[in-house]
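Engineer: Okay, handing you the structure first.
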Amino acid sequence: MSQFPMEASKGAFKRQKSIFRSFINDESQFKPEKGRYHLYLSHACPWAHRTLIVRVLKGLESTISVSFVNPVRNEKGWHFESEDNQYSDPVNGFSYLIEAYKIMDPQFDLRVTVPVLWDIETGQIVNNESSEIIVMLNDRFNQFTDVNLNLYPKDLRAKIDELNQFVYSNINNGVYKCGFASNQSVYDAEVTNLFKALDQIELGLNGKKYLIGDSITLADIRLFVTLIRFDLVYYNHFKTNHQHIYEYENLWRFVKLLFNQEKIKPTVKLNEIKDHYYKTHPYINPSGIVPVGPNIEKHLRS
């Protein structure tokens, strides 16, 4: 795939909206039940990475199963094929994730995205919007976990929502707006906006461990998944090379804090992240060569 199809307008990147937006709760057809739901994920994708982190922090490994697609998306999209069977679908035996989308809509012709929250009982997609999935993982399965952790406390929700919208528009999606800009003036405006936002978050982290409150929230997780990929791939691949994240005192401290948490670190697959971006976007990197560096892991440990 040269770039995201049907998601560009006058040189600017426009992200496709998620279309499956059902919710798990006691009043819907999708009841919170142990073993009923499955997450289709990619270690490479930041949107999927959010859900993986929330799942492990909430201790839901035995409640919600997961499987991972091959990090290198091909012309048919996300797939489970690999020489060593490392990537497979134990729930439905899909070869391509588009098979799940076609079950929902045989005429589906948009880009297939991860994460996908799948209902094993009824054989359908519940939701493919990561921002909604992580909220469900945070508060709909508490009866099945001994972990007493609330990543979206009611008294902080307004602040979390406001910050999430800012981070999404300017940073999470901002790096893509830079990387997939096909017009110089569009790129110039987007990269300026991206680094203004990073400067603002850097200032906001002065004297603080986390973005909001005294403990980790969904806002921290949503920012982290972009920052951990920034120096590794976005800096070169998406041309966001005005400044490294490691050059920001507060942002880099924040990245290291989250990366080195016992449950979060195993969710970060640096090689899969690099393989995905450098091999999946021939429009940006036609050779498909994956650069040897940077070796950020040694700096993350310090």
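Since every read-out is calculated from the coordinates, none of them should be taken as a lab result. Given the structure is predicted, the values throughout are model-derived calculations rather than measurements. Here Cβ is always computed from backbone atoms with ideal geometry, including for glycine, and neighbour counts include all displayed protein chains.
Engineer: Does region 65-113 come out rounded, prolate or oblate by the C-alpha gyration tensor, with a ≥ b ≥ c the root eigenvalues, rounded set by a/c under 1.5 and, if not, prolate when a/b is larger than b/c and oblate if not?
Structural biologist: oblate
Engineer: How would you rank 40, 101, going from fewest to most other Cβ atoms within 10 Å of each one's own Cβ?
Structural biologist: Placing the least packed residue first, the sequence is 101, 40.
Engineer: For a quick check: sort 228, 289 by the number of other beta carbons within 10 angstrom, fewest at the front.
Structural biologist: Fewest-to-most Cβ neighbours within 10 Å comes out as 289, 228.
Engineer: A follow-up question, please. Using the number of other C-beta atoms within 10 angstrom as an exposure proxy, rank 105, 275 with the fewest first.
Structural biologist: Fewest to most other Cβ atoms nearby, the residues stand as 105, 275.
Engineer: When a/c is below 1.5 the answer is rounded, else prolate if a/b is larger than b/c, else oblate, so apply that to region 154-265 with a ≥ b ≥ c taken from the square roots of the Cα gyration tensor eigenvalues.
Structural biologist: Cα axes put region 154-265 in the prolate bin.
Engineer: Just add up the charged neighbours of residue 280: K/R +1, D/E -1, any other residue whose Cβ is under 14 Å from the Cβ of residue 280.
Structural biologist: Cβ neighbours under 14 Å give a net charge of +3.
Engineer: Quick one: net charge around residue 104, please, counting Lys, Arg +1 and Asp, Glu -1 for every other residue with C-beta under 13 Å from its C-beta.
Structural biologist: After counting each charged neighbour, the total is -2.
Engineer: Let me ask something else. Just list whichever of 102/239; 269/298; 274/298; 10/274; 177/279; 159/209 have alpha carbons separated by over 24 Å in the model shown.
Structural biologist: 102/239; 10/274
Engineer: Taking a ≥ b ≥ c as the square roots of the Cα gyration tensor eigenvalues, with a/c under 1.5 meaning rounded and otherwise prolate when a/b beats b/c, else oblate, which class fits region 34-190?
Structural biologist: Because a/c hits 1.5 or more and a/b fails to exceed b/c, region 34-190 counts as oblate.
Engineer: Using only Cα atoms, figure out Rg for region 12-52 and give it as a multiple of 2.2 N^0.38 Å.
Structural biologist: 1.52
Engineer: Send over the per residue convex hull volume for the chain, Cα only, as a whole number of Å³.
Structural biologist: Roughly 138 Å³ of hull volume per residue.
Engineer: Continuing with this model, one more query. Less than 13 Å from a label point 7 Å out along the Cα-to-Cβ axis of residue 34: which backbone N atoms in region 122-144 qualify, by residue?
Structural biologist: Correct set: 141-144.
Engineer: Taking just the alpha carbons, could you work out the radius of gyration and Dmax for region 1-124, both in angstroms?
Structural biologist: 15.2, 46
Engineer: Once the Cβ-Cβ distance between residue 103 and residue 206 is put in as r, and R0 is 51 Å, what FRET efficiency do you end up with, to the nearest 0.05?
Structural biologist: Step by step, r from the Cβ atoms, then E = 0.55.
Engineer: Going through region 83-137, which GluC sites (Glu not before Pro) have at most 15 other Cβ atoms within 10 Å and a DSSP loop state?
Structural biologist: Here the GluC sites (Glu not before Pro) that fit, given the DSSP loop and packing criteria, are 83, 121.
Engineer: Could you grab the relative contact order for the chain? Cα pairs under 8 Å, six or more apart, rounded to a whole percent.
Structural biologist: In percent, rounded to a whole number, it is 22.
Engineer: Length gain on complete extension for the stretch residue 84 to residue 14, per 0.36 nm per residue less the alpha carbon to alpha carbon distance?
Structural biologist: Here the answer is 21.6 nm.
Engineer: Could you tell me the distance between the Cα centroids of region 173-225 and region 38-112, to the nearest Å?
Structural biologist: Cα centroid of region 173-225 versus Cα centroid of region 38-112: 26 Å apart.
Engineer: Under the 0.36 nm per residue contour assumption, what length would be gained going from the current alpha-carbon distance of residue 149 and residue 271 to full extension?
Structural biologist: Gain in length upon complete extension: 40.9 nm.
Engineer: Quick one: length gained pulling residue 301 to residue 249 fully straight, 0.36 nm per residue minus the C-alpha distance?
Structural biologist: Extra length from residue 301 to residue 249 when fully extended: 17.2 nm.
Engineer: For region 103-138, list residues with backbone N below 17 Å from a point placed 7 Å from the Cα of residue 95 toward its Cβ?
Structural biologist: Only 103 pass the distance filter.
Engineer: Now a separate question. Could you work out [θ]222 nm for the chain from helices alone, using -39500 (n - 2.57) per DSSP H run of at least four and dividing by all its residues? Round to the nearest 500 deg cm²/dmol.
Structural biologist: Value at 222 nm, helices only, nearest 500: -10500 deg cm²/dmol.
Engineer: Report the label-to-label distance for residue 139 and residue 21 in nanometres (one decimal), using points 7 Å from each Cα along the Cα→Cβ vector.
Structural biologist: 1.8
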